[in-house]
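To start, the structure under review is shown below, and the notes come after it.
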Amino acid sequence: MQLGLFAEPDAGPAGLRYADNFIEAASEQALIGRIAALPLQRFQFGVFEGHRRVASFGYRFDYALQRLTEAEPIPDWLLPIARQVEHWAGLREGSVRQVLCTEYEVGVGIGWHRDKPHFDKVLGLSLGSPCKFRFRRRSSDKWQRHTLEALPRSLYMMDGEARSQWEHSIPPVEARRYSVTFRTMNRT
Ligand SMILES: O=C(O)CCC(=O)C(=O)O
């Protein structure tokens, strides 16, 4: 095929970056052990409760108060990986100020959403099992769609249009999945 004549068939949202094998299998197992040992709580949004279980560090978004509140500091065992994520993304050390650990049991996913505007860049490490990380954006009367197959030990970053214009969701997972989401702040 002659390069340059045709647009990529499905290049995906601008601002989406992805890397396979961001961490080694031994680190993945160690992280899963740490996350599974956390006092994970069902995700709370106002009066509703999600099926995924989470622990927030640095900040958490309080849906009842509709604002960010302070959470436990990012624990020492997460700091090396946060630094590795910042380095990969070309971010200044310490830019990651919020970390969310999530457990998805079999059959649990996450609905369509964009992350809160309080956060800027969003990076996610997948652990334990693959998922279909879906994107959609309204384009006149149709949805533009893209699916990223996020493998265990991979990292994605949502920046630019992927972050501000596209929504994302994960359909119910087929095997238990964990993720660690790293977020920088829009306003300090
Ligand atoms: O589990 C993931 O990788 C995505 C999590 C997510 O979209 C969120 O917590 O807002």
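The values are calculated or read from the model by the stated rules, or taken from the named source; none is laboratory data. Quick caveat, the model's predicted, so the values are computed rather than measured. Every residue, glycine among them, receives a Cβ derived from its backbone with ideal geometry; neighbour counts consider all protein chains shown.
Can you spot a residue in the range 62-81 that is in contact with a Ser or Thr (Cβ under 7 Å, 6 or more places away or on another chain) and not in a loop (DSSP other than H, G, I, E, B)?
Yes - at least one qualifying residue is present in the range 62-81.
Mind counting the residues in the range 44-58 that are without any contact (Cβ under 8 Å) to a residue 40 or more places away in the chain and in a strand (DSSP E or B)?
4
If you take the residues in the range 80-107 that are hydroxyl-bearing (Ser, Thr, Tyr) and within 16 Å of the ligand (Cβ to nearest atom), which one is nearest to the chain's Cα centre (by Cα)?
Only one residue fits best here, namely 102.
Name the residue that is modelled with the highest pLDDT, counting only residues in the range 45-62 that are within 13 Å of the ligand (Cβ to nearest atom) and exposed (fewer than 15 other Cβ atoms within 10 Å of the Cβ).
By that ranking, first place goes to 51.
Residue check: is residue 130 under 21 Å from residue 25 (Cα atoms), within 12 Å of the ligand (Cβ to nearest atom) and surrounded by fewer than 20 Cβ atoms within 10 Å (Cβ to Cβ)?
Spelling it out, residue 130 is indeed under 21 Å from residue 25 (Cα atoms), within 12 Å of the ligand (Cβ to nearest atom) and surrounded by fewer than 20 Cβ atoms within 10 Å (Cβ to Cβ).
Contact list please: Cβ distance under 8 Å, first residue in the range 100-116 and over 22 Å from residue 176 (Cβ atoms), second residue near the ligand (Cβ under 10 Å from one of its atoms) and aliphatic (A, V, I, L, M), pairs at least six apart or on different chains.
115/122; 115/158
Could you check the range 121-143 and list, in sequence order, the residues that are over 17 Å from residue 167 (Cβ atoms) and assigned to a strand (DSSP E or B)?
Of everything in the range 121-143, those that are over 17 Å from residue 167 (Cβ atoms) and assigned to a strand (DSSP E or B) turn out to be 123, 125, 126, 127.
Within the range 147-156, is there a residue that is within 29 Å of residue 26 (Cα to Cα), buried (at least 19 other Cβ atoms within 10 Å of the Cβ) and of a type in the set (Val, Ile, Thr)?
No, every residue in the range 147-156 fails to be within 29 Å of residue 26 (Cα to Cα), buried (at least 19 other Cβ atoms within 10 Å of the Cβ) and of a type in the set (Val, Ile, Thr).
Rundown of residues vs (1) within 16 Å of residue 163 (Cβ to Cβ); (2) at pLDDT 95 or above; (3) of a type in the set (Lys, Arg), yes/no style:
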site	(1), (2), (3)
64	no, no, no
67	no, no, yes
75	no, yes, no
82	no, yes, no
87	no, yes, no
90	yes, yes, no
106	no, yes, no
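Based on this model, can you work out whether residue 83 counts as more than 23 Å from residue 61 (Cβ to Cβ) and charged (D, E, K, R)?
yes
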